[in-house]
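The values are calculated or read from the model by the stated rules, or taken from the named source; none is laboratory data. Here the structure is a predicted model, which is why all the values come from computation and not from measurement. So basically every Cβ, Gly included, is an ideal-geometry build from the backbone, and we count neighbours across all protein chains shown. When the accessible area is computed, the model is the full protein with side chains, heavy atoms only, and any ligands, DNA or RNA have been set aside. Shrake-Rupley method; radii C 1.70, N 1.55, O 1.52, S 1.80 Å.
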Amino acid sequence: MRALLQDLRYGARLLLKRPGFTATVVLTLALGIGANTAVFSVVNAVILRPLPYADPARLVMIWETMPGNDQRNVAPGNLSDWRTQSQAFAQIAGYANTNLNLSGDGEPEKLTGVAVSTNFFATLGVSAERGRTFLPEDVQRQDGRVLLLSHGLWQRRFGADPRIIGRSLTLDEKSYTIIGIMPATFSLPARAELWVLGDRGEAVTPALAAQFPKANVTTQRDIHIAYAIGRLKPQVTLAQAQAELRTIADRLAQAYPQTNAGLGVNVIPLQEQIVGGVGPTLFILLGAVAFVLLIACTNVANLLLARATQRERELAIRLALGAGRGRLIRQMLTESLLLSLVGGLLGLLAAMWGVDLFIGLSPGDIPRLDEVGLDVRLLAFTVLISLATGIAFGLLPALQATRLDPQHALKEGGTKASESRRRRRVRNLLVMAEIALAQVLLVGAGLLIVSFVRLQAVDPGFNPKHLLTARVALSGTNYADNAQKTRFYDQVLARTQALPGVRAAGLVMSLPLSGATINRGFTIEGRPAPKADENISIDYQLISPGYFSAMEIPLLGGRPFTATDGARAPRVVIINELMARKYFSGANPLGQRLAFGDASKPESWRTIVGIVANNRDESIDAPPFPAAYVPYQQNLEPWARMAIVLRTGADAAGLAGALRKEIAAVDPNLPVSNVETMEQLLADGVTRPRFVMLLLGVLAVVALTLAAIGIYGLISYSITERTHEIGIRLALGAQRRDIFKQIIGQGLVLALGGVGVGLAAAFALTRVLAKLLFGVTASDPLTFVGVALLLTMIALVASYVPARRATRVDPMLALRYE
């Protein structure tokens, strides 16, 4: 311990004597360690830290499956049978997403709600922060109208009022009693603001049941709207639970062949379900910052090798006085660890700022970001990575520096040519390693940039410019029947169409790019009805006349909907080009008939009157899907939730206030949500690829800068070391341009060597980016060649200044001390 303290004191004194060198190394390490710590803190919170539930390893998500879809929402009737027949689960809970309109308490607002079964919170093992969660007897209490608030909604809307428990809220014109406030850490599903009991304890709310008024929704098997969470019994494995539910699914398929034929079950750990989608992205970013740290280490190792040359006489004296080589290596490693620990401390401080930047830039779909913070695991990671970094960049210089002959090093005027050649080779290899690492990062960033550019260039199938959108959700007694809903929509269309600057207005059930699509099966007249296990479905949309005009979706054949296509008119449908091509095999579909739902009912049949161009309904990077459009007046039950689209002549965002006023004039108690331009919606759809591209691009620029500094530093030091040699050559008649070419050639050789290794490494490693790319392969030759040329040019630029300095060497000054 005494020897260690002595080494620490001696090392600290040496580093303080060279403040410029010490500051350069510490800041370089702080950059690399800080970036790694920041990304690891996110990985730790999102992926590594257990979910904040009781015994989270036994929680699973349960999905139904069908051909081509292994994660399909669950039919409420099937969920009920799973709960009663399964023996592998301690509990199975259900929930469904729903939006609820808050009124009578300030400004009306649409809230993101979740309808849950009574055992939802018990299954998760979560308690309320204030009050309590649901109990079985709550189902009978006031028709089950009790609710829990999220911590965020409690603070935002109600000012964190501690007396809120027991208070009543009006949601969808019905009174609900607040019985509890959930903890700030609870967010299942993501962005949920309140939880209500589902109809009769199942995962279907009255709001959802209103869409299907002719049946008890909780027993339905053809409405796939619920999500299921299960808690495995102790000693029950995932495979056993999967096998049992598959047996139950087979039994239900035999009992209900019309709805359950072909349905299977998929059981996934809840942790994997929540974070699985972002895991690969975060691990890619963690690998990228690890590359930056490696580049920083090679830069610091080069600096230490250069410093070791200046310390040769000191080390030789210590060896001559009896110090062993191991003792000197320990001393130099102690100095390296001092540098890395100070760099790690600064890196930890930088990481706190970096995490805030990460969260600020990140898309809103990364789960558990609110849990990012300082904990024991993060501190341990910072300490370990600092120690590992100190050893990584300090060991090689220590071994090289102590490999010397004391007599040779102490001989006045003795040559060090052999030592210089050996160390020069090591430094050259380190710089080539930097270039190779930078090459990998630059190729990855280049692929993501090309991917993003091509994603931005995708034609969505409509014109997003000058287009304003908003969403409304009808509820309560004012909209209990079809006529009331239709009257509201007609009034809103008439009033918004009359606004100054509005060229066209329309309604649609689900906006393009929103991902909120509804798939329905269908039957074509004159063809056999599809089998129950056939995955024949299309995207089913309700729209108003004028929607295609407002969206500027081209009409390819037939006619658009008009005001005459009302509730009592012959039933009609418009299909998109993809549906016409896929299901009509080149024949003209105009005039043919389709049936949605029960083909035995005359009202299910519709005549195709038009064909429109494809558009991207799910997302900008998802291919178009076969789609059918139906006038909302002709649907058996007009949809309670619709989106409004306004085509304007200029500034669409400037009409947001006027749009709100016109809707309030029709119903002042109805909240209007998601008022945004289509260009905003389009931009929101590419937030994750933009986020990954920006972060990897920044890291690639940092890596490129460090590599350029490494080349510049190496060649500058080489020139300083060879000043005497260059002076002799100039004195003997060498041309300055030949010296310049030689120095530039040295940088070019380093660049080409590093680029060659980097190309091979990038070709192997960029495969992990394949799932993040759009319209470009992971081995795109243009990107690889372009990055290689860029790195080579940067290396030449970094070599230029030292090469110019070498040509200005004065032979007389260089030879003065010879």
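Observations
- Carbon/sulfur fraction of accessible area - region 499-588, other protein chains in place, 1.4 Å, %: 51
- Per-residue ellipticity at 222 nm, computed for the chain from helices alone with -39500 (n - 2.57) per DSSP H run of at least four residues, works out to -16000 deg cm²/dmol.
- Of the residues M793, M693, ranked by 1.4 Å probe accessible area with the largest first, the sequence reads M793, M693.
- Take region 566-696 with all the other protein chains still there, run a 1.4 Å probe, and you get 41 Å² of accessible area per residue.
- Take E725: with every protein chain present and a 1.4 Å probe, its accessible area is about 70 Å².
- Helix 279-310 axis, angle to the chain major axis (alpha carbon atoms, nearest 10°): 10
- Per residue, in Å², the accessible surface of region 6-129 once ligands and nucleic acids are set aside, probe 1.4 Å: 36
- For the cross-link pairs K485/K601; K465/K485; K110/K661; K110/K771; K17/K741, the ones whose C-alpha atoms lie over 27 Å apart are K465/K485; K110/K771; K17/K741.
- Cα long-axis angle, helix 325-361 against the chain (0 to 90 degrees, to the nearest 10): 30
- V797-R327 pseudo-label distance in nm [points 7 Å out on the Cα-to-Cβ vector]: 5.0
- Model label points for L399 and E272, set 7 angstrom from Cα along the Cα-to-Cβ axis, are 4.1 nm apart.
- Our compactness index for region 243-311, the C-alpha radius of gyration over the empirical 2.2 N^0.38 Å, is 2.49.
- Per residue accessible area of region 701-801, 1.4 Å probe, in Å²: 49
- Length-normalised contact order for the chain - Cα pairs under 8 Å, 6+ apart - percent: 16
- Ordered by 1.4 Å accessible area with all protein chains kept, E109, E679, E434 run largest first as E679, E109, E434.
- Inter-site label distance for K741 and R425 at 7 Å from Cα along Cβ, in nm: 2.8
- Share of carbon and sulfur in the accessible heavy-atom surface of region 646-757 [1.4 Å probe, %]: 63
- Accessible surface for R251 stands near 120 Å², nearest 10, in the context of the full protein assembly shown (1.4 Å probe).
- Cα gyration tensor, region 38-78 - rounded (a/c under 1.5), prolate or oblate: oblate
- Share of carbon and sulfur in the accessible heavy-atom surface of region 333-402 [1.4 Å probe, %]: 79
- The chain: C-alpha gyration tensor shape, a/c 1.5 cut-off, then a/b vs b/c: prolate
- Inter-part distance, region 60-129 to region 151-175, computed on C-alpha centroids, equals 22 Å.
- DSSP-defined beta bridges in the chain - what % are antiparallel, rounded to 5: 80
- Computed with every protein chain present, the accessible area of I165 is close to 70 Å² [probe 1.4 Å].
- Region 648-702 versus region 749-801: alpha-carbon centroid distance in Å: 36
- Close amide-amide hydrogen proximity is noted between Q91 and R231, each under 5 Å apart and 5 or more residues distant or on a separate chain (H modeled in the peptide plane; Pro and chain starts excluded).
- Folded to 0 to 90 degrees: helix 736-765 orientation relative to the chain principal axis, Cα: 40
- Per-residue accessible area (protein heavy atoms, 1.4 Å probe) orders S80, S585, S673 as S585, S80, S673, starting from the largest.
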